[in-house]
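See below for the structure under consideration.
Read-outs: derived from the displayed coordinates by stated rules, not from any lab. Not measured: the values here are computed from a predicted model. Here the Cβ positions follow ideal geometry from the backbone for every residue, glycine too, while neighbour counts run over all protein chains shown.
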Amino acid sequence: MNGLILTAPNSGGGKTTLTLAILRALRDAGIAIRSGKSGPDYIDPRFHEAASGAPCVNLDAWSMSPDRLKHLAAGDTPILIEGAMGLFDGAPPDGRGATAELARVLNLPCILICDVSKQSQSVAAVVEGFSRHADDVRIVGVILNKVGSPRHETMLRRALTPVGLPVLGAVYRDDRLETPSRHLGLVQANERGDLEEFLNNAAEIARKSLDIEKILSLFGQLPSAPQKPKKLAPPAQRIAIAQDQAFAFTYPHLLQDWRDAGAELSFFSPLADQAPQDCDLVFLAGGYPELHAGKLAANTVFLNAARKAPSVYGECGGYMMMGHGMVDAAGTHHAMLGLLDLETSFQKRKLHLGYRNLAPQGGAWDMPLNGHEFHYATTTRAKGKALFKATDAEGTTLPDMGLINGAHWGSFAHVVDRT
């Protein structure tokens, strides 16, 4: 039951790429490995799974209880966890949910990945500062990323010698490690036709650049896990879940909660114009429906079947799909399901981001929930009863979220766990 966390001083330092590189290198070496991702991220875990060939778990220290975190991290196979943002970056006001908090709960050591593309000796101050900042967060090694030359590497290593932490490798700048992205993060794993080539190149670079054996020796012991953490009850007995490139954002831990409670889950593709079958509820998950709005608006088999379903629940992109219409970035209006009195637009983008405390006002859940909001859509019309009373991470009251129209309900919030 060993684990290790890869973290960094800031976002964009290369955590995801190097996590994928190490996962694929370990898989290629025949070493069994699992992975985890700190925070509510939907996209990186699918890359992890492609790299390792094993499931990846979300470990969100803001939304999940310590018991849930320990339960999800537990297992007979070692787990490599990718942090989110900078090590100590979390929700306001006090950084709750940061990778550092996850490290404390799981009692795991951290390796600090430093993007050194714009510094040399100053890396020592960064590493020393992070290693001393919190006595209960253990940094056990450093990886130098985006090194410019052998001379640059020598300068960095010399500067770090007095700090006393092992340098576990130096990864040079390499175009093969570049990853395309869009407004919510990386382009999804299932959209990259070159994914295997990218992962294999990354693994090759990891084998040449990193001390993989030393990294494995730094894995720490996970705490014992509770047998039965509190779980989120399913919203229906038979649930048909939209799953394709337009609706890809579901949390595996919640789907497993629902299965454990006896719910029957099935999957269908709105993009392929498939109809949900034999269900009590259709779950339209989040994703990128705005990129496929024209095709979705023309898929009459899906549209007609969803309109006739006993109940429909939508999150973020799925919520937008439930409205009367959606305006894409080019200004074209596309008719949607018309189940909620809702109109949304991507023509004028505005970022909505943050954790949410959710108090349901209807729908299938009757307990407080923790969720996350991350989208660029604007709401141009929303009429009807609200689904949630909401506050942000600091407890500030927010405008009511979502809509309920009989058996149809949804919001921009992604539900992560029960409070």
Quiz prompt | Rounded Å value of the spacing that divides the Cα centres of the range 213-286 and the range 65-99 | solution = 19
Quiz item: Extension gain ASP67-ALA330, at 0.36 nm per residue separation less the Cα-Cα distance, in nm?
Solution: 90.1 nm
Quiz prompt | Cα-only radius of gyration and Dmax that characterise the range 2-221, units Å | solution = 16.2, 47
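Over 22 Å, how big is the tail of the calculated P(r) for the range 25-135, in percent of all Cα pairs?
Considering the range 25-135, 38 percent of its Cα-Cα pairs are separated by more than 22 Å.
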Practice problem: Please give the helix 150-160 orientation as an angle from the longest Cα principal axis of the chain, in degrees from 0 to 90, rounded to the nearest 10. | Solution: 90
Quiz prompt | Above-threshold pairs, the threshold being 31 Å between Cα atoms, out of LYS37/LYS228; LYS146/LYS295; LYS37/LYS389 | solution = LYS146/LYS295
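In terms of the ratio Rg/(2.2 N^0.38 Å) built on C-alpha atoms, what value belongs to the range 130-263?
Details: Rg = 21.3 Å, N = 134, 2.2 N^0.38 = 14.1 Å.
After normalising by residue count via 2.2 N^0.38 Å, the value is 1.51.
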Quiz item: On a 0 to 90 degree scale, rounded to 10, what angle separates helix 43-52 from the longest Cα axis of the chain?
Solution: 60
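Extension gain ASP273-GLN245, at 0.36 nm per residue separation less the Cα-Cα distance, in nm? Don't skip to the answer; put the middle values down first.
Values: separation 28, 0.36 × 28 = 10.08 nm, distance 1.28 nm.
Fully extending the segment from ASP273 to GLN245 adds 8.8 nm.
Which three semi-axes in whole Å describe the equivalent ellipsoid of the range 88-193, each the square root of 5 times a Cα gyration tensor eigenvalue, listed largest first? Show your work: numbers first, answer last.
Working: eigenvalues 120, 114, 27 Å².
Rounded to whole Å, the semi-axes are 24, 24, 12.
Please give the direction-averaged projected area of the C-alpha convex hull for the range 346-386, in square nanometres with one decimal.
Details: hull surface 14.3 nm².
Reported value for the Cα convex hull: 3.6 nm².
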Exercise. Compare the peptides 143-155, 226-238, 369-381, 11-23 by average per-residue count of other Cβ atoms within 10 angstrom and give them in order, highest first.
Key: 11-23, 369-381, 143-155, 226-238
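Please give me, ordered by residue number, the trypsin sites (Lys or Arg not before Pro) of the range 309-352 that lie in loop per DSSP and have at most 11 other Cβ atoms within 10 Å. Walk me through the numbers on the way to the answer.
Numbers: sites: LYS348, ARG349, LYS350; in loops: LYS348, ARG349, LYS350.
In loop regions of the range 309-352 (DSSP not H, G, I, E or B), the sparsely surrounded trypsin sites (Lys or Arg not before Pro) are LYS350.
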Self-check item: Approximate spin-label separation VAL301-ARG259, in nm, with each point projected 7 Å along Cα-to-Cβ
Solution: 2.6
Quiz item: Per residue and in cubic angstrom, what volume does the convex hull of the Cα atoms of the chain have?
Solution: 139
Exercise. Take every DSSP beta bridge with both residues inside the chain and express the antiparallel ones as a percent of the total, to the nearest 5.
Key: 45
Practice problem: Taking 7 Å along the Cα-to-C-beta vector as the label spot, tell me the LEU353-THR77 distance in nanometres, rounded to one decimal. | Solution: 3.2
Exercise. Kindly express, to the nearest 10 degrees and within the range 0 to 90, the angle between helix 195-209's C-alpha long axis and the longest C-alpha principal axis of the chain.
Key: 20
Self-check item: Three semi-axes of the equivalent ellipsoid, the range 238-418, Cα gyration tensor, whole Å, largest first
Solution: 22, 21, 14
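Across all directions of projection, what mean area in square nanometres is found for the Cα convex hull of the range 71-148? Can you show the working numbers first?
Numbers: hull surface 25.2 nm².
Reported value for the Cα convex hull: 6.3 nm².
Could you work out the relative contact order of the range 2-221, using alpha carbon pairs under 8 angstrom and six or more residues apart, expressed as a whole percent?
Values: 430 pairs, mean separation 56.6, N = 220.
The value is 26 percent.
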Quiz item: Could you list log10 I(q)/I(0) for the range 179-328 at q = 0.09, 0.12, 0.13, 0.17 Å⁻¹, which the Debye formula gives when each Cα is one point scatterer?
Solution: -0.43, -0.69, -0.77, -1.00
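Quick one: length gained pulling ARG238 to SER122 fully straight, 0.36 nm per residue minus the C-alpha distance? Please report the intermediate quantities before stating the final value.
Values: separation 116, 0.36 × 116 = 41.76 nm, distance 5.69 nm.
Once the chain is fully extended between ARG238 and SER122, it gains 36.1 nm.
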